[in-house]
Each structure stands twice: as structure tokens, then as C-alpha cells.
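Below: one structure, written as C-alpha cells.
The values are calculated or read from the model by the stated rules, or taken from the named source; none is laboratory data. Owing to the predicted nature of the structure, the values given are computational and were not obtained by experimental measurement. Because the Cβ atoms are built from the backbone with ideal geometry, glycine has one as well, and the counts that use them run over all protein chains shown.
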Amino acid sequence: MSAAPRPRRRLRRRLMLAFSGFALLVAALYGFYVVLFVYLVEDEMFNGLLEQEARVQLHHHASQGGWARPALPGMSVHETAASLPEGLGARLVEEPWRREFAGDQGRHYHLRRLDPTDAWLVAEVSQQLVVRPMRGGILQWLGWSSLGVLGIALLLGAWLARRMTAPLSRLSDVVAGASPTHLPTGFAESLPDDEVGALARTLQGLLVRIEAFVDREREFTRDASHELRTPLAVIRSACERMQARADLDPALHLQLGHMNQSVLQLEHTISALLMLAREQHLQEPAESITLLPLIERVIVDQTGLLGDRPVHLALDVTGDAKACLPPTALRVILSNLIGNAFAHTLKGEVSITVEAGWLQITNPGAGIDADALQPFSKGAASSGYGLGLSIVHRLCERHQIDLRFNPDRTRTMVSIRLDPAARTCS
């Protein structure tokens, strides 16, 4: 069982960032609107005072023919825009829609035209400004408030993210801990009744169906293989007895030899299928195996596939050569690979060598295509059923054995790693 892979983009972190980003945005908008509101309130207050004074001045001008002294401090009446202080007249020409200007030395002006005349009512309000002296405090208060809101958002986001991702993490651990020999069951009941729980229940139902399907296929393969071994043994024994007769016709003797070879291939295929169907062999530990006796036994078992063909066997394996692999899997792999080399060699040399931690089996002929590793895929010269190399490939995958095929089109070389670095021998 392997640990759940660590995701590059964690959902919990993304939820926290989303909460904190949203809180920071809301705090910034809130601060902006607060500052804008206090400035607008202040401006409306000054505009209201100007409007009130403008009514008084216009009434006095209509009744007395002149302008009265403004009642509020800082206000003054100017007959024309050119007489406005600090060059405000020129600035009005450039920006005629403005009614609020900043002057020198912190002075601040609000203007109102006394229509229908050309006179202007001016209020210098720097001493009456409320927001300006409080601006630093307001901004500081808004900053600390934003930090507080951000902290609360982070805590809330962390809590909510943990609540949301904890079921997903448990489900991920359950799936990561699953193995072909032990599919998890009953894990959906511990998850909440939400989208994650619905996903877990669906996954649990799927695993139950997969386990039932695998069990049916395994039992069928095991039962069918057992049922086939007995009649094959009878056929092989009958062929051998008939071949031993001295008065047998040569043509019939040759046909019986071909039949015996086919039966031998079937027996090895059935043995491999039985091994794949037996669940206990999936956990078979690796052992330190002396190669030469095992290879010699396999060669003796597979010699019948050579028949009378002019094939020379070159065996270059020392007596101290060892492999760190599951023994049953290695025997089935060697039987299929050596048997495949014998069956496909019409003449020439089949070599079996051990070099630099690799066992190499080489025979004349075209290389092996990737399609040959698929079930029921066979070459044009094959007399088998297209299962041998597929079984070898599956066994190597299950037991993490390195398997290599050369791309050479003039010969076939198959190599298997004898001592994987990550494997420990018992």
C-alpha cells in the first residue's frame, strides 16, 4: 500500500486564500466607502452653508443694491472671477465645473456663483475642515480593522476548509491504501451525507462490483485450468506411448511429435494461468535463487519444443549466479521465455547468458512488437495461443520485475533484471 500522493495545489490552501482575499477586498471597499462618505458629508455641510449665505446675499443685493458682509467667518464676496484669491479665476477658466479648490499653505476653498450676477461667494474652510485632521486616525483605524477582519477570515477559512477537505483526505487515504488483494469496504458510512459522501458511496459500490467480478474471473480461470490439466496429461502420455512404438509410421511419428509439443505449450500456459489466479502468489516474497539449476530444469522441460530442428543451445551462466525474485514467478517467466525462444527458432543458436545483473535470452528471428504483449496477440510464425508473452508481461508488472525487449529485427533478445535495487531477499 502506498501513501496518498501530495497534491501540488491543496484545496485547503485555496479555500483559505479565497476567504482571506474576499475579506481583504470587502475591507478595502468598506474603507473606501467610509472615507468617501465622510468627505461627501463634509462637502455637503459646506455647500449647505454657502447656499444659505448665498440666499442672504442675493436678497440683500436685490433690496440694497450691494453685497452684505458675510455672517460666517472665512466667507467673502467677489464681484468677478478675476478678483478671486490665489488665482482661482484662472483655474475656473480651465475647469469651469469645479467648485472646490485647494490653495497654498493648506488653505481650502469652496465657491458658489451668485447668479444672475457675475459675483462669487467664496468660503475658505481650512479652519472648519473636520476630516483632514482626522484622516490619519481614520486610515489607521481602517487598517487595523482590515487586519482584524483578515485574521477572522483566515481562521474561518481554515476551519471551513478543514471541515470540507477532511472527508476528501480520508477518502483519498482509503483509495491510496487499496490493493488488488484488499479492496476497502464500509468506508462510505463514516463520511457525511453530502457530495463527498455520495462520491464515496458510489466508489464503494464500484469497488464491490469490481471485487465480485475479479473473484468470478479468478475462480473461473482456476477451475478451468484444473479441469484442463488432467485431459492434457492423458493426451501427452498417449502421444509418448505411441511415439515409443517401433512399428509406427514416420509421418505419424512426426505428427505425434507436433501434437506433443502443442500439449506441452498448453500445459505451461495453464500453469501460468493458475499462478495468476492464485491470490497468495501476489504477495510471494523475493528469495535468493541460484539460477543455473533452475534454468537447467526449465531447459529440460522445454526441450520437446525443439523437436529435430538443428538448434544449438549456448548456456553461459555460472554456478554462483543468483537472482533476488519470487521463485514461482521466476520459474513461470523463464518457462515462457525459454519455451518461446525454442518454439520460434528453426535453426541457429539460442543463447542464455547472465551479465551485469541481467538474464538475457537470445534467439534468431525478428524482434518482438509491443502488440505481442497483449493477450491473444501472436506472430505469424507462432503456433501457440498468444498468451505466453502477455502472461510474462503481467507477472513482471505485478512483481515489479524489469523486462526489456530489444528492437533489433534480425534477432530476438529478452532481458530481465535479476536483482532490483529496491527489493530485499528473504
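Details
- For SER179, the conditions (1) under 29 Å from LEU15 (Cα atoms); (2) hydroxyl-bearing (Ser, Thr, Tyr); (3) within 21 Å of the chain's Cα centre (by Cα) are fulfilled apart from (1).
- Residue satisfying all of: in segment 305-317; assigned to a loop (DSSP other than H, G, I, E, B) and touching a helix residue (DSSP H, G or I) at 6+ places or on another chain (Cβ under 7 Å); modelled with the highest pLDDT among these: VAL317
- Checklist (1) among the polar types (S, T, N, Q); (2) at pLDDT below 85; (3) buried (at least 17 other Cβ atoms within 10 Å of the Cβ) applied to GLN283, failing item: (3)
Yes/no per residue for (1) closer than 14 Å to THR269 by Cβ; (2) modelled with pLDDT of 55 or more; (3) in a loop (DSSP other than H, G, I, E, B):
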{"residue": "GLY367", "(1), (2), (3)": "no, no, yes"}
{"residue": "GLY384", "(1), (2), (3)": "yes, no, yes"}
{"residue": "LEU389", "(1), (2), (3)": "yes, yes, no"}
{"residue": "LEU395", "(1), (2), (3)": "yes, yes, no"}
{"residue": "PRO407", "(1), (2), (3)": "no, yes, yes"}
{"residue": "VAL414", "(1), (2), (3)": "no, yes, no"}
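- Residue match in segment 57-72 (condition: at pLDDT 85 or above, in contact with a Pro (Cβ under 7 Å, 6 or more places away or on another chain) and in the same structural domain as ALA102 (by TED's automatic domain parsing)): no
- GLY151 surrounded by 13 or more Cβ atoms within 10 Å (Cβ to Cβ), part of a helix (DSSP H, G or I) and not polar (S, T, N, Q): no
- The criterion of being on the phi > 0 side of the Ramachandran plot, part of a helix (DSSP H, G or I) and free of Cβ contacts under 8 Å to residues at least 12 places away in the same chain does not hold for GLN140.
- One residue from SER179, SER126 being modelled with pLDDT of 80 or more and of a type in the set (S, T, N, Q): SER126
- Near pairs, Cβ below 9 angstrom, 6+ apart or cross-chain, from segment 285-297 (in a loop (DSSP other than H, G, I, E, B)) to any residue that is among the hydrophobic types (A, V, I, L, M, F, W, C): PRO285/CYS425; ALA286/ALA323; ALA286/CYS324; ALA286/LEU325; ALA286/CYS425
- Among (1) surrounded by 20 or more Cβ atoms within 10 Å (Cβ to Cβ); (2) at pLDDT below 85; (3) not aromatic (Phe, Trp, Tyr), the one test that LEU330 misses: (2)
- Going through (1) surrounded by 15 or more Cβ atoms within 10 Å (Cβ to Cβ); (2) in a helix (DSSP H, G or I); (3) more than 25 Å from the chain's Cα centre (by Cα); (4) β-branched (Val, Ile, Thr) one by one, VAL122 falls short only on (2).
- Residue check for GLN360: farther than 29 Å from PRO250 by Cα, modelled with pLDDT of 85 or more and either assigned to a loop (DSSP other than H, G, I, E, B) or not hydrophobic (A, V, I, L, M, F, W, C) (or both): yes
- Checked against the criterion of being among the acidic types (Asp, Glu), under 60 Å from the mean Cα position of the chain (by Cα) and either over 30 Å from LEU147 (Cβ atoms) or at pLDDT 90 or above (or both), the candidates GLU44, GLU51 yield just one match: GLU44.
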